[in-house]
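The values are calculated or read from the model by the stated rules, or taken from the named source; none is laboratory data. Predicted, not measured: the structure shown is a model, and the values here were computed from it. Note that each Cβ is placed from the backbone with ideal geometry, even for glycine, and that neighbours are counted across all protein chains shown.
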Amino acid sequence: MNDCRFFVPGPTWVRPEILEEMTRPMIGHRSAEFKDLFRKIIADLKPLFVTTQDTFVATCSGTGLMEASLANCATRRVLITTCGAFSDRWAAIAESLGLEVDRLETPWGTAVDPDALADHLASRRVHYDAVTLTHNETSTGVTNDVASLARVIREGSSDTLILVDAVSSLAGIPVLFDEWGLDVCFASVQKGIALPPGITVVAVSQQALARAAKTPYRGTYFDFLQFKKHADTDGVPTTPSIPHFYALAAQLDAILRRETLNARFERHEAMRDLTILKTSTYAKLASDPKHASATVTALAPVKDPELIRSEMKKRGFTLGSGYGDWKASTFRIGHMGDIPLASLETMLDVLTEVART
């Protein structure tokens, strides 16, 4: 179906030609054909992350690489910056790994303040193995200023690693891995990259690899050193989801060469602006407008959000529910990936009729 009527904040709509890529015949993951496919993907991931450092692909959800980031890069104490449900997940995982966890908590709907981070780091006078950042908080539709936050961390400690969740930002909002001085940055593919869920892409710095080499209990499946060892010979440590690799290769080519990154970012910004404009008469933007996400918008309507979603479903459109603490009071519109601006506008016109009646 070419007509996009699916507007949840991930998994997002997938173009039919990309789905078709996943029906290609199987190849061995140690074969020459797979190595060629792998090389192409890795080469195209570097401009997506804007990095000259290592990039890898793992068969897992984004949560898998969130755990991997901590397991490879932290042995004692971490600082978790939180501003919503998914940034909170960092803390739950860190605690499950036995790490000492400090939190810098920010109210839902607002972005993490670089000055507050600087004050926290100065006042605690403790060393953190890593600080976690969430580039785009999917539960609230807030984009954090990772560049400024990373700068604050670097000014405080040159060996504190910066771990970034870019699950709902990569390929929809610029990510500048090298320029921002990041150490690990990952994203699952079912959001901005616009593939079916199943794999996650990640960029890893040389400093993070060096830390992993000193971390004794980093596990097996998510061992960054194994990722690196096998990637150096154009391979993966364990059997991957080969259909996803076919689709990822095709989609990266489309993103980088057919649409181009700049045009893609501009389209996402236009979708955000259109969404905010067309919903302003019947719903309040739940997030701080200064940090409104280009990929997902959380709205607090006058009308019952679940009733709105139900009525839209009857008309053939799927919207996202509220999440976590905001589940009952908001709904979310995912405007990410390959969604055409015209399809979003059509949906928003129907939504206006539903929300006002």
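Residue-wise test of (1) in contact (Cβ under 8 Å) with a residue 24 or more places away in the chain; (2) in the same structural domain as F86 (by TED's automatic domain parsing); (3) under 15 Å from G156 (Cα atoms); (4) crowded, with 18+ Cβ neighbours inside 10 Å.
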| residue | (1), (2), (3), (4) |
| --- | --- |
| L99 | yes, yes, no, yes |
| H120 | yes, yes, yes, yes |
| S123 | no, yes, yes, no |
| V126 | yes, yes, yes, no |
| H135 | yes, yes, no, yes |
Run down S148, S139 and say which single residue is within 15 Å of the chain's Cα centre (by Cα) and among the hydroxyl-bearing types (S, T, Y). S139
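Report yes if some residue within segment 207-224 is under 30 Å from M26 (Cβ atoms) and not in a loop (DSSP other than H, G, I, E, B); otherwise report no.
Initially, segment 207-224 is screened for residues under 30 Å from M26 (Cβ atoms), giving 219-224.
Now restrict to residues that are not in a loop (DSSP other than H, G, I, E, B): 224.
Yes, there is a match, as at least one residue in segment 207-224 is under 30 Å from M26 (Cβ atoms) and not in a loop (DSSP other than H, G, I, E, B).
Count, please, the residues in segment 15-56 that happen to be touching a Cys at 6+ places or on another chain (Cβ under 7 Å) and without any contact (Cβ under 8 Å) to a residue 60 or more places away in the chain.
0
Tell me the residue from A247, A263 that is of a type in the set (A, V, I, L, M), closer than 30 Å to V57 by Cα and free of Cβ contacts under 8 Å to residues at least 12 places away in the same chain, please. Walk me through how you get there before you give the answer.
Working: A247 fails: free of Cβ contacts under 8 Å to residues at least 12 places away in the same chain.
On inspection, the qualifying residue turns out to be A263.
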With criteria (1) in contact with a strand residue (DSSP E or B) (Cβ under 7 Å, 6 or more places away or on another chain); (2) more than 28 Å from W326 (Cβ to Cβ), T23 comes up short on (1)
Checked segment 191-202 for anything under 23 Å from H291 (Cα atoms) and either surrounded by fewer than 24 Cβ atoms within 10 Å (Cβ to Cβ) or of a type in the set (V, I, T) (or both); matches are I193
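Residue by residue, here is whether (1) aliphatic (A, V, I, L, M); (2) in contact with a Gly (Cβ under 6 Å, 6 or more places away or on another chain); (3) crowded, with 24+ Cβ neighbours inside 10 Å holds:
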site: D145; (1), (2), (3): no, no, no
site: R154; (1), (2), (3): no, yes, no
site: L176; (1), (2), (3): yes, no, no
site: F186; (1), (2), (3): no, no, yes
Of the numbered conditions (1) crowded, with 24+ Cβ neighbours inside 10 Å; (2) in contact with a helix residue (DSSP H, G or I) (Cβ under 9 Å, 6 or more places away or on another chain), L104 satisfies every one except a single condition; which is it? (1)
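Any idea which residue in segment 182-206 is farthest from V146 (Cα to Cα), counting only those that are in a loop (DSSP other than H, G, I, E, B) and β-branched (V, I, T)? Working first, answer last.
Taking segment 182-206 first, the residues in a loop (DSSP other than H, G, I, E, B) are 182-183, 189-199, 205.
If we keep only those that are β-branched (V, I, T) as well, we get 189, 193, 199.
On the way: V189: 20, I193: 20, I199: 24 Å.
Residue satisfying both the conditions and the ranking: I199.
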F227 fails exactly one of the following numbered conditions: (1) buried (at least 21 other Cβ atoms within 10 Å of the Cβ); (2) assigned to a loop (DSSP other than H, G, I, E, B). What is the number of that condition? (2)
Sole exception among (1) free of Cβ contacts under 8 Å to residues at least 60 places away in the same chain; (2) hydroxyl-bearing (S, T, Y); (3) in contact with a strand residue (DSSP E or B) (Cβ under 7 Å, 6 or more places away or on another chain) for S280, by number: (3)
As an exercise: evaluate L170 against (1) farther than 15 Å from V112 by Cβ; (2) surrounded by fewer than 24 Cβ atoms within 10 Å (Cβ to Cβ); (3) hydrophobic (A, V, I, L, M, F, W, C) and give the number of the one condition it does not meet. (2)
Sort out which residues of segment 113-126 are of a type outside the set (A, V, I, L, M, F, W, C) and either touching a His at 6+ places or on another chain (Cβ under 9 Å) or modelled with pLDDT under 95 (or both), and write them in order of number. S123, R124, R125
